[in-house]
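Chemist: Structure incoming, see below.
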Ligand SMILES: Nc1ncnc2c1ncn2[C@@H]1O[C@H](COP(=O)(O)OP(=O)(O)OP(=O)(O)O)[C@@H](O)[C@H]1O
Ligand SMILES: [Mg+2]
């Protein structure tokens, strides 16, 4: 077929290799760069569309298989890097982008939400954020739960001090940082023992401040941990910024699922793409009998709702004591026990989300 080994023939044999999610040629997507040949040693850079690419190994293998077909190849070295695409500016419910401004430097803004409280939004948001950071992505977490901020504790930043600086643009906040994730939360700005009483317009102001008056820097993903329900915070966020998508967290119970449906409809009405549903507390794994599973809240609810509503099920996270301990102690389960069933599920969910976000940005 090809009788010479040069960069042109390398690109030609790689041309039929596709990104499995985008279903387009890697070469045409400009994902193969810096092809170099030295005495039969072929090297090139594979630029993925997210550092958290779930199919990384698979794509590398496909590339190697293709290049091996060329004559004289003695060695193949693939350097893998990533450039996360910027989300498209999505039109709002009225079909325009009035008032919606992206956050400079932030490529993709994602909400983690639920209709019902206590289903594990913060647990999912924190662990997904840390799991994405573990892959090398630049990640921020915005705790939009102004009334009951939990993220500082869950991310091991309960005692962190946040720096507020006066600049000519007004006051700016410097996010706190731990486990590879930048965090801004009301928890840094209030007295921990005082309940916070906000009226709608004030809440709107705080969320906008957390978006625009924070030195987020360059971020691949800004994850927003929402308060429960479909109230002011959700409305403010979806009106303020264009969003790459929303993730809905639910438990398998019927009541939780009814609320999840409401949450999902709200985002759909605001033209925010719903990336899918995470079913949390899917089943209980007793620590002394890790091979057992108990369906405490019923089973299969998340997948049934996902099918009914036509959105994907992003994954199921078991109920494990170590996940709760991870939240309370500030060492998220994906760090504390990366091989536990919950951590594996949360890491897989993070990769699935990243994959979907990149596909949406490149195909919209
Ligand atoms: N899969 C799980 N296994 C064990 N414990 C969990 C799991 N998911 C969440 N929890 C625990 O359940 C409690 C509630 O979770 P979390 O705070 O994440 O929910 P939430 O939806 O953010 O709540 P809120 O609506 O109050 O913001 C926490 O103590 C958390 O550690
Ligand atoms: Mg929460």
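The values are calculated or read from the model by the stated rules, or taken from the named source; none is laboratory data. Since the structure is predicted, the reported quantities are computational estimates derived from the model, not experimental observations. Heads up, the Cβs are rebuilt from the backbone with ideal geometry, glycines too, and the neighbour counts pull from every protein chain shown.
Here's the yes/no breakdown for (1) at pLDDT below 95; (2) outside any helix (DSSP H, G or I); (3) under 11 Å from residue 127 (Cβ atoms); (4) within 20 Å of the chain's Cα centre (by Cα):
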| site | (1), (2), (3), (4) |
| --- | --- |
| 304 | yes, no, no, no |
| 308 | yes, no, no, no |
| 311 | yes, yes, no, yes |
| 314 | no, yes, no, yes |
| 328 | no, no, no, no |
| 335 | no, no, yes, yes |
| 338 | no, yes, yes, yes |
| 343 | no, no, yes, yes |
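Chemist: In addition: Take residue 60 and decide whether it is at pLDDT 95 or above, outside any loop (DSSP other than H, G, I, E, B), closer than 28 Å to residue 107 by Cα and outside the structural domain of residue 356 (by TED's automatic domain parsing).
Modeler: Considered against the rule, which asks whether it is at pLDDT 95 or above, outside any loop (DSSP other than H, G, I, E, B), closer than 28 Å to residue 107 by Cα and outside the structural domain of residue 356 (by TED's automatic domain parsing), residue 60 comes out as yes.
Chemist: So, residue 168, is that one surrounded by fewer than 22 Cβ atoms within 10 Å (Cβ to Cβ), in the same structural domain as residue 143 (by TED's automatic domain parsing), farther than 20 Å from residue 87 by Cβ and out of contact with any helix residue (DSSP H, G or I) (no Cβ under 7 Å at 6 or more places or on another chain) or not?
Modeler: So residue 168 fits the description; yes.
Chemist: Would you mention how many residues in the range 69-84 are in contact (Cβ under 8 Å) with a residue 60 or more places away in the chain and exposed (fewer than 13 other Cβ atoms within 10 Å of the Cβ)?
Modeler: Residues that pass the stated criteria total 3.
Chemist: Separate question: Looking only at strands (runs of 3 or more DSSP E) that fall completely inside the range 104-180, which ones have 1 or more residues that are within 9 Å of ligand 1 (Cβ to nearest atom), modelled with pLDDT of 95 or more and closer than 17 Å to residue 278 by Cβ?
Modeler: Filter on the range 104-180 gives 106-113.
Chemist: Right, here's the next one. Do you know which of the residues in the range 257-278 that are part of a strand (DSSP E or B) and closer than 20 Å to residue 106 by Cα is farthest from the chain's Cα centre (by Cα)?
Modeler: 274
Chemist: Give the residues of the range 316-326 that are within 16 Å of ligand 2 (Cβ to nearest atom) and under 16 Å from the mean Cα position of the chain (by Cα), sorted by residue number.
Modeler: If the condition is that a residue be within 16 Å of ligand 2 (Cβ to nearest atom) and under 16 Å from the mean Cα position of the chain (by Cα), then 317 is the only one that fits.
Chemist: Can you give me the number of residues within the range 216-256 that are over 16 Å from residue 124 (Cβ atoms), more than 19 Å from the chain's Cα centre (by Cα) and within 16 Å of ligand 1 (Cβ to nearest atom)?
Modeler: Going through the range 216-256 one residue at a time, the tally reaches 7.
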